[in-house]
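A.B. asks: This is the structure I want to talk about, given as structure tokens.
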Amino acid sequence: MKKRFLSVLLLCVMLAALCCSVFPAATAAAEDRPDDLPDIDIHSWEFRLCNAYNSVAFYICEYGGIEGQGLDPRVVPYAQELLSDARAQGYTIYMAQGFRNLEWLENNYKSVLRDCEYDPVAAARAFQGIGVNEHQTGLAIDFTDQMKNRTNFYRFTDPEIFDSELYAWLVEHCADYGFILRYPEEKAYYYGVACPHAHFRFVGKEAARYITDHDLCLEEFIMLYDPDLVFIPEHGRFA
Ligand SMILES: [Zn+2]
């Protein structure tokens, strides 16, 4: 009887060891966090995760208006300050996209799908549809420096924007206003979406400063608090 108890105990210990080696990230404890990590609530609204592997489904934010676009009302004052300061520095800057509703996302996806001859994989690479489009959270802004007319803008989807002085200013200063460059090219493994836009995302000033100073993407930052909050498939990277 005692022998049987010992073998069951041994089996339990082996299973626990196996779990820890297979799922090491899931066992990361609070004491393993970097000492300088901001003391924030990672479940707060600023950290709502939206990417190719972490859908927000049909969630849409409540939104307030700013310069003909929508944004989460809690983000509006920060965006307003960024726009004012950029203009005070002499930059021409517009919000090409803020909040986007489900109808807009669906209609655009349909037209992209048509353009891609109904190949859903190609369409998914070209356009972020419902659930994976951060613009439905009201936390994201695509900036540009050229207006076409009152509601349309040039350049924000054009790779040329990355060579502009405005883009360089935004990358350098966005954290001062609580924003991060959302999709650093070399971090696509974590977020999976193709995003050529000058796309910035609000996370609050403290988190934005930490993410920028430590050269992280949002997913890496969230994982420092709780790895279980971020799903990354083994072969999920878009080629
Ligand atoms: Zn965008």
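A.B. asks: Residues of region 171-181 being out of contact with any Asp or Glu (no Cβ under 7 Å at 6 or more places or on another chain) and either of a type in the set (F, W, Y) or not in a helix (DSSP H, G or I) (or both), which ones?
C.D. replies: Filtering region 171-181 down to residues out of contact with any Asp or Glu (no Cβ under 7 Å at 6 or more places or on another chain) leaves 171-176, 178-181.
Of everything in region 171-181, those that are out of contact with any Asp or Glu (no Cβ under 7 Å at 6 or more places or on another chain) and either of a type in the set (F, W, Y) or not in a helix (DSSP H, G or I) (or both) turn out to be G178, F179, I180, L181.
The rows are residues; the columns are (1) charged (D, E, K, R); (2) outside any helix (DSSP H, G or I); (3) buried (at least 21 other Cβ atoms within 10 Å of the Cβ); (4) in contact with a Leu (Cβ under 8 Å, 6 or more places away or on another chain).
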residue: F99; (1), (2), (3), (4): no, yes, yes, yes
residue: E103; (1), (2), (3), (4): yes, no, no, no
residue: N108; (1), (2), (3), (4): no, no, no, no
residue: V121; (1), (2), (3), (4): no, no, no, no
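Quick grid of which residues meet (1) in contact with a Phe, Trp or Tyr (Cβ under 9 Å, 6 or more places away or on another chain); (2) within 14 Å of the ligand (Cβ to nearest atom); (3) more than 16 Å from Y177 (Cα to Cα); (4) without any contact (Cβ under 8 Å) to a residue 60 or more places away in the chain:
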residue	(1), (2), (3), (4)
F58	no, no, yes, no
D72	yes, no, no, no
S84	no, no, no, yes
A88	no, no, no, yes
L105	yes, yes, yes, yes
V121	no, no, yes, yes
Q136	yes, yes, yes, no
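A.B. asks: What is the one condition in (1) loosely packed, with under 15 Cβ neighbours inside 10 Å; (2) within 15 Å of the ligand (Cβ to nearest atom) that L218 does not satisfy?
C.D. replies: That leaves (1) as the condition not met.
Per-residue answers, yes or no, for (1) of a type outside the set (S, T, Y); (2) surrounded by 19 or more Cβ atoms within 10 Å (Cβ to Cβ); (3) touching a His at 6+ places or on another chain (Cβ under 8 Å); (4) not in a helix (DSSP H, G or I):
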position: H43; (1), (2), (3), (4): yes, no, no, yes
position: Y59; (1), (2), (3), (4): no, no, no, yes
position: E81; (1), (2), (3), (4): yes, no, no, no
position: D85; (1), (2), (3), (4): yes, no, yes, no
position: G131; (1), (2), (3), (4): yes, no, no, yes
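A.B. asks: Has region 225-234 got at least one residue that is more than 10 Å from the chain's Cα centre (by Cα), within 19 Å of D32 (Cα to Cα), in a loop (DSSP other than H, G, I, E, B) and in contact (Cβ under 8 Å) with a residue 12 or more places away in the chain?
C.D. replies: Quick first cut of region 225-234, residues more than 10 Å from the chain's Cα centre (by Cα) only: 225-234.
Okay, now just the ones that are also within 19 Å of D32 (Cα to Cα), so 225-230.
Then keep just the ones that are in a loop (DSSP other than H, G, I, E, B); that gives 226, 230.
Filter once more, so that each one left must be in contact (Cβ under 8 Å) with a residue 12 or more places away in the chain: 226, 230.
Scanning region 225-234, I find at least one residue that is more than 10 Å from the chain's Cα centre (by Cα), within 19 Å of D32 (Cα to Cα), in a loop (DSSP other than H, G, I, E, B) and in contact (Cβ under 8 Å) with a residue 12 or more places away in the chain, so the answer is yes.
A.B. asks: What number of residues within region 183-200 satisfy the criterion of being more than 13 Å from Y167 (Cα to Cα), modelled with pLDDT of 90 or more and near the ligand (Cβ under 9 Å from one of its atoms)?
C.D. replies: Selection size over region 183-200: 1.
A.B. asks: So which of K110, K148 is more than 16 Å from the ligand (Cβ to nearest atom), among the charged types (D, E, K, R) and more than 25 Å from V75 (Cβ to Cβ)? Working first, answer last.
C.D. replies: Values: K148 fails: more than 25 Å from V75 (Cβ to Cβ).
None of the other options fit; the residue is K110.
A.B. asks: Does G131 satisfy the criteria of being away from the ligand (no atom under 13 Å from the Cβ) and within 27 Å of R74 (Cα to Cα)?
C.D. replies: Yes, satisfied.
A.B. asks: Among the residues of region 159-176, is any away from the ligand (no atom under 15 Å from the Cβ), touching a residue at least 60 places away in the same chain (Cβ under 8 Å), closer than 14 Å to P38 by Cα and not aromatic (F, W, Y)?
C.D. replies: no
The values are calculated or read from the model by the stated rules, or taken from the named source; none is laboratory data. Nothing here was measured: the structure is a model prediction, and the numbers come from that model. Backbone-built Cβ (ideal geometry, glycine too); neighbour counts: all protein chains shown.
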